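Peer 1: Below: one structure in structure tokens.
The values are calculated or read from the model by the stated rules, or taken from the named source; none is laboratory data. Because the structure is predicted, anything quoted here is derived from the model rather than measured. Reconstructed Cβ throughout: ideal geometry from the backbone, glycine too, with neighbour counts over all protein chains shown. Remember, those area values only see protein heavy atoms, side chains included, never the ligands or the DNA or RNA. Shrake-Rupley method; radii C 1.70, N 1.55, O 1.52, S 1.80 Å.
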Amino acid sequence: MPERVERPRVELTIRADARDARRASEWLESSARDQGVPPAHIVRLDHCLDEVLANVFMHGGTAALASSVLLQLGVRRRPGVCTAELVVVDAGAEFDSSASSNGPTPKPASLAEAGLGGLGLAMIRSFSDDLSYRRSDGQNHLTISVRWTEAA
Amino acid sequence: MGIRYEDVTDGVRRIHLFGRLDTVGSEEIAGKLASLAESAKRGVVVYLSGVTFLSSMGIRALVSAAKALQARGGRLVLHVDGSDVVVRTLEATGVDELIPVFDDEDEAERAAMTSV
């Protein structure tokens, strides 16, 4: 059976500013609920979004902070399986969160040895089902997918 | 989000965190959490049962506080109350292997009194 898109992809543009991260989260929750994404999976996307935006704001550099961030949300439904895709487009330094070379740092053996880096990437990977990345026109395009099953 | 604390008679400080500890929220409570952990007499139990969202910034604040307390010979432990998302965050980051996590309050407070 062909794939069916329930609704057109919705978008929000925010400033590259931590204060706008809350607005982004509220938009995500509202938009995802409107598109029928179950609450547990909205929470997963929300965690990923918070971490991705934090990376953009903290590590994206001046180009990221001087530009806006585009967010897009779409939901695909096929019999039994649904996928919500959140796309984050930013103009920051090139960074592929999906690449294994940019993976989380190894887990430390003790609290004393514990560093504080790489935690956000670990969370993005744990909370998502799939990540894909492309660099286009000087912008990072990261797609975060979560899937769930739904009775036909 | 919010933070409050209480000292109990046996040297344990209870720190209760509330609400959404996203990146912005975690930055707002990180300083207070650090100062409360550093000034504790001996052990600290951080109660996460009121937390609805825990970001990596929140995890960093917890790890920093635990490390600072451990350097003074104290111990910080976490109490969770069945919040799937908080537990999943702790597991995803491996923090549950670095900072003891309990779902029983008495066990948590006994563990906080244990010398490191």
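Peer 1: Return the FRET efficiency for the residue pair B:THR114, A:SER126: r is the Cβ-Cβ distance, R0 is 30 Å, and the value is rounded to the nearest 0.05.
Peer 2: For B:THR114 and A:SER126, the calculated efficiency is 0.50.
Peer 1: Classify segment A:4-149: rounded, prolate or oblate, from the alpha-carbon gyration tensor (a ≥ b ≥ c, eigenvalue square roots; a/c under 1.5 rounded; otherwise prolate if a/b is larger than b/c)?
Peer 2: The shape class here is oblate.
Peer 1: Hey, another quick one. Regarding segment A:35-121, what's the average projected area of the Cα-atom convex hull, expressed in nm²?
Peer 2: 7.9 nm²
Peer 1: Counting only other chains, and only Cβ atoms inside 10 Å, what mean value do you get across the residues of A:35-46?
Peer 2: If you average over the peptide's residues, the count of other-chain Cβ atoms is 1.
Peer 1: Then there's this: Out of all DSSP beta bridges in the protein assembly as shown, what portion is antiparallel? Express it as a percent rounded to 5.
Peer 2: Beta bridges within the protein assembly as shown, antiparallel portion: roughly 70 percent.
Peer 1: Another one. According to a simple spin-label model (label point 7 Å from Cα along Cα-to-Cβ), what is the distance in nm between A:THR62 and A:ARG22?
Peer 2: It works out to 3.0 nm between the two label points.
Peer 1: Picking from A:LEU28, A:LEU111, A:HIS41, whose Cα lies most toward the positive end of the charge dipole for segment A:4-149 (charges on Cβ: Lys, Arg +1; Asp, Glu -1)?
Peer 2: Highest projection toward the positive end goes to A:HIS41.
Peer 1: Which value, in square angstrom to the nearest 100, describes the accessible area buried between chains A and B on both sides, using a 1.4 angstrom probe?
Peer 2: Rounded to the nearest hundred, the buried surface is 2400 Å².
Peer 1: Kindly express, to the nearest 10 degrees and within the range 0 to 90, the angle between helix B:84-93's C-alpha long axis and the longest C-alpha principal axis of chain B.
Peer 2: The angle comes out at about 80 degrees.
Peer 1: Let me ask another. Counting only DSSP beta bridges with both residues in chain B, tell me the antiparallel percent, nearest 5.
Peer 2: Percentage antiparallel, nearest 5: 25.
Peer 1: I would also like to ask the following. What size of dipole, in debye to the nearest 20, comes out for segment A:4-149 about its Cα centre when the only charges are +1 on Lys and Arg C-beta atoms and -1 on Asp and Glu C-beta atoms?
Peer 2: Here segment A:4-149 has a charge dipole of around 460 debye.
Peer 1: While we're here: Relative contact order (percent) for segment A:4-149, with alpha-carbon contacts under 8 angstrom and 6 or more residues of separation?
Peer 2: So the answer I get is 27 percent.
Peer 1: Each residue of segment B:39-54 in turn: what ³J(HN,Hα) in whole Hz from Karplus with 6.51, -1.76, 1.60 and θ = phi - 60°, glycine and Pro shown as x?
Peer 2: Going residue by residue, I get 9, 6, 5, 9, x, 10, 10, 9, 8, 9, 5, x, 8, 9, 7, 10 Hz, with x marking Gly and Pro.
Peer 1: When only Cα pairs under 8 Å and 6 or more residues apart are kept, what is the percent relative contact order across chain B?
Peer 2: 26 percent
Peer 1: Further question: Please work out the average accessible area per residue across chain B, using the 1.4 Å probe convention, and give it in Å².
Peer 2: Computed with neighbouring chains in place, this is 42 Å² per residue.
Peer 1: Now, a different point. Mean 1/r over all different Cα pairs, inverted: what Kirkwood radius does chain B give, in Å?
Peer 2: 13.6 Å
Peer 1: Order of B:51-61, B:92-102 by packing, highest average Cβ count within 10 Å first?
Peer 2: B:51-61, B:92-102
Peer 1: Mind giving me the nanometre distance, one decimal, between the label points for A:ARG78 and B:GLU97, set 7 Å out from Cα along Cα→Cβ?
Peer 2: Label at A:ARG78, label at B:GLU97, 3.4 nm between them.
Peer 1: If you don't mind, there's one more thing I want to ask. Among B:ALA65, B:GLY94, B:SER83, pick out the residue whose Cα is farthest towards the positive end of the charge dipole of segment B:54-103, where Lys and Arg carry +1 and Asp and Glu carry -1 on C-beta, about the Cα centre.
Peer 2: Ranked along the dipole, the leading option is B:ALA65.
Peer 1: Based on the Cβ-Cβ distance of A:LEU70 and B:THR9, what FRET efficiency does E = 1/(1 + (r/R0)^6) give at R0 = 45 Å, to the nearest 0.05?
Peer 2: 0.25
Peer 1: Let me ask you something else. Which residue, A:ALA99, A:ALA24, A:ALA91, has the most motion in a Gaussian network model of chain A that connects Cα atoms within less than 10 Å?
Peer 2: Between A:ALA99, A:ALA24, A:ALA91, it is A:ALA99 that shows the largest mean-square fluctuation.
Peer 1: Rg to Rh ratio, the protein assembly as shown, alpha-carbon atoms and Kirkwood radius?
Peer 2: That ratio is 1.01, to two decimals.
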